[in-house]
Amino acid sequence: MPPHERIKRGISLIPEREKIFPKMSVEENLLLGLYPLEEKKKGSEKLEWIFEIFPILKERKNQQAGTLSGGEQQMLAIARALMSSPKLLILDEPSQGLAPIMVSKVFNIIENLKKEGVTILLSAQNVFHSLSISDRAYVLENGRITMEGKGKELLKDEKIKKSYLGM
């Protein structure tokens with residue numbers, strides 16, 4: 001399905017290693033996320049909402065996006081996806097390659113979005129953080145679901161502890 005059709009249906013996807021538009025400003029990147037056209041009228045309201053969630057982006061709104069750190073670029077990718085007010089936000093490896101402090105920030109943002117009512121489908125190898133915030137989780141091994149349940153319950157599972165958490 002083409003991206004504009006996904007967005008019309010309320011789905012925003014942030015693929016692994018999402019590319020931002022590096023030569024454009026942070027604010028220009030965010031405004032590209034506004035969709036459909038009637039939403040463009042609400043651009044300033046949406047920006048204020050985004051800047052409440054991501055205060056660092058407000059500080060850097062006039063900065064060229066390519067000069068942001070990896071974690072800030074990931075926040076920008078998430079924020080741009082949120083500009084279309086998705087019903088479903090799909091994130092693929094949102095913390096890959098980030099410093100540990102940025103990983104925590106990204107997962108805190110995901111958890112806060114969940115609390116705000118955004119449905120989130122998260123694919124991540126960061127087992128501890130992912131299961132800590134998941135209502136429902138599926139463990140895949142070699143392309144097959146081997147376990148499923150509530151995230152916090154799976155965190156207590158001995159196989160998960162041994163195989164994924166090094167305990």
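The values are calculated or read from the model by the stated rules, or taken from the named source; none is laboratory data. Not measured: the values here are computed from a predicted model. All Cβ positions, even for glycine, are placed from backbone atoms using ideal geometry, and neighbour counts span all protein chains on display.
Annotations
- Qualifying residue in segment 127-136 (condition: surrounded by fewer than 17 Cβ atoms within 10 Å (Cβ to Cβ) and part of a loop (DSSP other than H, G, I, E, B)): yes
- Boolean, GLU16 is within 30 Å of VAL127 (Cβ to Cβ), among the charged types (D, E, K, R) and either part of a loop (DSSP other than H, G, I, E, B) or touching a residue at least 24 places away in the same chain (Cβ under 8 Å) (or both): yes
- Applying the criterion of being farther than 10 Å from TYR35 by Cβ and of a type in the set (A, V, I, L, M) to the residues of segment 1-16, the residue that is modelled with the highest pLDDT is ILE11.
- Checked against (1) of a type outside the set (Lys, Arg); (2) within 28 Å of MET1 (Cα to Cα); (3) surrounded by 17 or more Cβ atoms within 10 Å (Cβ to Cβ), GLU16 passes all but a single condition, namely (3).
- Criterion (at pLDDT below 95 and surrounded by fewer than 19 Cβ atoms within 10 Å (Cβ to Cβ)) met by exactly one of LEU165, LEU82, LEU121: LEU165
- Yes/no for ILE7 being more than 19 Å from ALA99 (Cβ to Cβ), within 18 Å of the chain's Cα centre (by Cα) and in contact (Cβ under 8 Å) with a residue 24 or more places away in the chain: yes
- Residue within segment 22-29 that is surrounded by 15 or more Cβ atoms within 10 Å (Cβ to Cβ), over 23 Å from LYS114 (Cβ atoms), hydroxyl-bearing (Ser, Thr, Tyr) and touching a residue at least 40 places away in the same chain (Cβ under 8 Å) present: yes
- Selection within segment 99-118: residues that are hydrophobic (A, V, I, L, M, F, W, C) and under 13 Å from the mean Cα position of the chain (by Cα). The member of this set that is surrounded by the most Cβ atoms within 10 Å (Cβ to Cβ) is ILE110.
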